[in-house]
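The values are calculated or read from the model by the stated rules, or taken from the named source; none is laboratory data. Computed from a prediction, not measured in an experiment: that's the story for all the values here. No Cβ is skipped: glycine too gets one built from the backbone with ideal geometry, and neighbour counts run over all protein chains shown. With ligands, DNA and RNA removed, areas are computed over all heavy atoms of the protein, side chains included. Shrake-Rupley method; radii C 1.70, N 1.55, O 1.52, S 1.80 Å.
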Amino acid sequence: MTKAELIESVSQQYDALTKSQTEILVNTVFDSIKEALSKGDKIEIRGFGSFRLRQRQMREGRNPKTGKTVQVQSKKVPFFKAGKELKELVDS
Amino acid sequence: MRKADIANEVFEKVGLSKKESADMLEVILNLIKEVLRKGDTVKIAGFGNFVVRHKKARKGRNPKTGEEIGISPRKVVTFRPSQVFKKHVNT
């Protein structure tokens, strides 16, 4: 399912909203998660899962084309951990 | 940040009532869960993909006792953040 399909499904379940309002709705949900994480906030959604940042250490990498060693800077990556309910739902 | 905080963002930006905002968030989450339950992928442009992965059976070990135990095959949800999302958290 793509975001466009998600928006379509949402607007089918709730016809009080126009398509473009539904689009803003869906975008707002994901944008607010993105914004919160960027500020270093953790997101916990009951029954679904949690999002937080994981720190990656600086490491030595290699340019696969030239074989040259390069420093890969330390960085943060978004990490999602499925909640209990979602885990069980998917594995049943 | 919790569900109520996300619903509040929706309330402020979309112009739904507080109740509707909370309900709509629930609708979205349930739709995503339903797709994942069927084993399908959910792709959100600019955010990332939720993918169901099939794990094979493997042998594990109880780290406390050192005892070997079988781990049954299972399905798990993984999230692959999009390039945009990854860049966003590092700026």
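Figures for the structure shown
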quantity	calculated
Residues that are part of a loop (DSSP other than H, G, I, E, B), of a type in the set (Val, Ile, Thr) and more than 10 Å from chain A (Cβ to nearest Cβ), drawn from the stretch B:35-91	B:Thr65
Residues being charged (D, E, K, R) and either in the same structural domain as A:Glu35 (by TED's automatic domain parsing) or more than 26 Å from B:Thr91 (Cα to Cα) (or both) - total across the stretch A:46-92	8
Long-range neighbours under 6 Å by Cβ, at least six apart or interchain, first residue modelled with pLDDT under 90 within the stretch A:1-16, second assigned to a helix (DSSP H, G or I) and aliphatic (A, V, I, L, M)	A:Gln13/B:Val27
In the stretch A:26-42, the residues that are assigned to a loop (DSSP other than H, G, I, E, B) and closer than 21 Å to A:Lys84 by Cβ	A:Lys42
A:Ser20, sole failed condition from (1) closer than 25 Å to B:Ile6 by Cβ; (2) open to solvent by 50 Å² or more (accessible area, probe 1.4 Å); (3) in the same structural domain as A:Leu89 (by TED's automatic domain parsing); (4) of a type outside the set (A, V, I, L, M, F, W, C)	(3)
Any chance B:Lys38 is open to solvent by 80 Å² or more (accessible area, probe 1.4 Å) and either within 17 Å of the chain's Cα centre (by Cα) or in contact (Cβ under 8 Å) with a residue 60 or more places away in the chain (or both)	yes
Qualifying residue in the stretch A:34-41 (condition: surrounded by 12 or more Cβ atoms within 10 Å (Cβ to Cβ), within 25 Å of B:Leu31 (Cα to Cα), within 10 Å of chain B (Cβ to nearest Cβ) and out of contact with any helix residue (DSSP H, G or I) (no Cβ under 9 Å at 6 or more places or on another chain))	no
Test: residue in the stretch B:5-15 that is under 19 Å from A:Gln13 (Cα atoms), modelled with pLDDT of 95 or more and of a type in the set (Val, Ile, Thr)	no
Matching residues in the stretch A:5-37 - criterion: being more than 11 Å from B:Val14 (Cα to Cα) and of a type in the set (A, V, I, L, M)	A:Leu6, A:Ile7, A:Val10, A:Ala16, A:Ile33, A:Ala36, A:Leu37
Any pair with Cβ under 7 angstrom, 6 or more apart, that starts in the stretch A:42-65 at a residue that is within 20 Å of B:Lys86 (Cα to Cα) and in contact (Cβ under 8 Å) with a residue 12 or more places away in the chain and ends at one that is outside any loop (DSSP other than H, G, I, E, B) and of a type in the set (Gly, Ala, Ser)	A:Gly49/A:Ala82
Residue that is nearest to B:Glu34 (Cα to Cα) [pool: residues in the stretch A:43-86 that are at the interface with another protein chain (Cβ under 7 Å from one of its Cβ atoms) and either open to solvent by 90 Å² or more (accessible area, probe 1.4 Å) or part of a loop (DSSP other than H, G, I, E, B) (or both)]	A:Phe48
